[in-house]
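Report on one structure; see the data block that follows.
Read-outs: derived from the displayed coordinates by stated rules, not from any lab. Note that the coordinates shown come from a computational prediction; the quantities given were computed from them, not determined experimentally. Counting neighbours? That spans all protein chains shown, and the Cβs are built from the backbone with ideal geometry, glycine included.
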Amino acid sequence: MTIDWKKDGKRFFAVLFAGALFALNIKIFVRTGNLFPGGATGLTVLIQRLVEKYTGYSLPYAPVNLLLNAFPVYIGFRYVGKKFTLLSLLMILVSGTLADLIPAYIITEDMLLIAVFGGILGGTAVSICLLVDATSGGTDFIAIFLSQKYGMETWNLVLAFNVVILSVAGFFFGWDRALYSIIYQFVSTQTMHTLYRTYQQQTLFIVTTKAAEVCAAIHKVSHHGATILDAEGSYDHRHRQLVYSVVSGADARAAINVARSIDPDAFINSLRTTELRGNFYVRPKD
């Protein structure tokens with residue numbers, strides 16, 4: 001495991017900031033609204049509240065969350081990437097420790113505002129981690145492992161896990177809290193989809209006279225190949241070539257820019273890809 005002090009230093013401080021943001025979200029919004037986030041965080045909060053409800057004892061957040069993340073962290077070290085897992089572990093430790101140390105603060109008691117802005121803050125914190133190749137832990141490790149090793153769609157698995165958490169929470173603490181938690185999770189997910197696009201795909205159709213150069217450039221910036229098709233313009237009936245390629249959402253803008261730099265007259269259509277089958281390169285975690 002080699003260390004790039006400049007790049008990894010930026011990643012380190014980004015994770016520290018994300019951990020602080022995540023902890024603030026727990027103390028300001030999640031606890032105030034008695035919400036149940038998804039993943040290991042939601043399970044940690046659920047265990048805390050069940051223990052407090054039936055024993056009167058308040059469990060600290062950090063040890064419970066760390067225990068629940070023990071197996072996912074092992075999966076990360078063994079199969080995903082050591083540097084990625086260490087940064088993720090830092091996120092887990094920082095957010096958990098600060099969640100226990102930061103005093104609770106009530107900004108609003110309006111449940112809809114709590115669910116919406118809590119979801120935005122939580123989604124932003126997780127997105128910052130993802131942007132520097134780290135994660136908040138829990139199901140993220142397992143989802144990345146299954147996606148990279150087996151090419152599995154993990155959305156349904158994560159959704160099923162969250163449904164179980166919300167069902168138990170609704171049964172013991174009231175269905176209104178579970179329903180507001182759904183709003184929280186939806187807003188958080190949409191925030192991540194907006195800020196983090198690596199696991200989204202974009203289809204590019206590029207009409208050009210320099211197809212070979214464009215294909216080489218796309219591969220250089222995204223590590224994805226392309227297909228060249230012969231085409232003919234319907235207006236002037238001149239011969240053209242159509243470059244068809246699918247790249248990650250994070251690489252789409254760079255691919256478009258490099259294509260236009262090679263052929264300023266290229267006609268480019270970019271479409272959001274909603275479903276993809278076949279081999280698609282995913283950059284491995286370090």
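Would you please give the FRET efficiency between Ile47 and Leu146, computed as 1/(1 + (r/R0)^6) with r the Cβ-Cβ distance and R0 = 25 Å, to the nearest 0.05? E(calc), rounded to 0.05, equals 0.55.
Residue farthest toward the positive end of the dipole of the range 5-195, with Cβ of Lys/Arg at +1 and Asp/Glu at -1: which of Leu16, Ala104, Pro37? Working it through, the farthest residue towards the positive pole turns out to be Leu16.
Amide hydrogen proximity for Arg240: with H placed 1.01 Å from N in the peptide plane, the residues at 5 or more positions away or on another chain lying under 5 Å are Ala231, Glu232, Gly233. Short-range pairs are left out: with C-alpha atoms under 8 Å and at least six residues apart, the relative contact order of the range 5-195 is 34 percent. The computed Cα Rg over 2.2 N^0.38 Å for the structure shown corresponds, within (1) 1.18; (2) 1.32; (3) 0.96, to (1). Helical content alone sets the calculated 222 nm signal of the chain at -19500 deg cm²/dmol, taking -39,500 (n - 2.57) per DSSP H segment of four or more residues and averaging over every residue. Once phi is turned into θ = phi - 60°, what whole-Hz ³J(HN,Hα) does the Karplus curve with 6.51, -1.76 and 1.60 give for every residue of the range 109-120, x standing for Gly and Pro? Result, rounded to whole Hz: 10, 6, 5, 5, 5, 4, 5, 6, 6, x, x, 5. Ordering Trp175, Trp5 by the number of other Cβ atoms within 10 Å of each residue's own Cβ, fewest first, gives Trp5, Trp175. The range 89-104 and the range 218-267 have their alpha-carbon centroids 46 Å apart. Of the cross-linked pairs Lys82/Lys220; Lys83/Lys220; Lys7/Lys220; Lys6/Lys220; Lys27/Lys83; Lys6/Lys210, those separated by over 31 Å at the C-alpha level are Lys6/Lys210.
For the residues Gly233, Gly39, Gly249, a GNM of the chain with alpha-carbon springs under 10 Å puts the largest fluctuation on Gly233.
Considering every alpha-carbon pair of the range 1-106, the percent of pairs per 5 Å bin, from zero through the bin containing the longest distance, is 2, 12, 19, 23, 18, 11, 8, 4, 1, 1.
Relative contact order of the range 1-84, please, whole-number percent, based on alpha carbon pairs below 8 angstrom and at least 6 residues apart. Result for the range 1-84 is 20 percent.
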